[in-house]
Amino acid sequence: MPQQYKIIPLIILLINSVHSQEILQADIDSELDPEARAKEIRNNTEHPRELSVLAPTISPEEIDRAVINRLMKEIADEPELTKSRLKISADTMEDIFITISNARSFINNNEIANIRAMCDAWNKSDYIGDARVELALDAYKKRNQFTKNFIAKYYSIVLIDIESALDIQQKVTFDLYMRDRRRRMATSGTSSWGAVVENVTSGRETVNFHCRRD
């Protein structure tokens, strides 16, 4: 069979498929009433939906750490491009890499301490039900924020250490690099570290798993 006759049935099949999807979409659109659905959701007070955010986006305290660790990856993966971008020598770039590497090996998220604070609050509380869960989650968040603040301060020192190896022009270039990367990191959708929970609904299972013994 000539090639053009083989193509014709395929074209007919595709046309029929597209036509069927258009009919289906028209049926769906005709059955949906967005305003009525929105009103139904707003008026559903019997079982209100609680927003659960299991992985919130990165916090301001985490941004410098994330950017500096990303710089370490850029040095490892694209050393020549990174050296050119920052206008630094190979020796200076190696010093920066070592500084960041040492920082990463020294610091950690200390999630165990966060969990311990959560469970201590749970075990010592006389509250019951959701009130007790909320108290435990608040203790977790408080301890986790303490960790974030400590790490943010530590990485500010790491930045000072990195900048100490740069001349005036290199500092200007590096500062522009950090500003750009901070802006990108803040809007990248990168998740915060730790088993963060935002409310009782999303945190009840976490508390029960780690702390509940009664």
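The values are calculated or read from the model by the stated rules, or taken from the named source; none is laboratory data. If you're wondering where the values come from, they're calculated on a predicted model, not measured in any experiment. Reconstructed Cβ throughout: ideal geometry from the backbone, glycine too, with neighbour counts over all protein chains shown.
Considering region 120-130, the residues that are among the small types (G, A, S) and either within 15 Å of N149 (Cβ to Cβ) or surrounded by 14 or more Cβ atoms within 10 Å (Cβ to Cβ) (or both) include one that is farthest from the chain's Cα centre (by Cα), namely S125. Each residue in region 37-88 was checked for being of a type in the set (S, T, Y) and at pLDDT 95 or above, and 2 pass. When you scan region 95-107, do you find a residue that is modelled with pLDDT of 90 or more, closer than 19 Å to V158 by Cα and among the basic types (K, R), even just one? Scanning region 95-107, I find no residue that is modelled with pLDDT of 90 or more, closer than 19 Å to V158 by Cα and among the basic types (K, R), so the answer is no. Taken over region 89-119, the residue count meeting the criterion of being farther than 26 Å from D161 by Cβ and either loosely packed, with under 14 Cβ neighbours inside 10 Å or touching a helix residue (DSSP H, G or I) at 6+ places or on another chain (Cβ under 7 Å) (or both) is 6.
Could you list all residues from region 125-166 that are acidic (D, E) and in a helix (DSSP H, G or I)? Hits for region 125-166 are D130, E134, D138, D161, E163. Picking from residues in region 69-88 that are polar (S, T, N, Q) and surrounded by 12 or more Cβ atoms within 10 Å (Cβ to Cβ), the one that is farthest from I168 (Cα to Cα) is N69.
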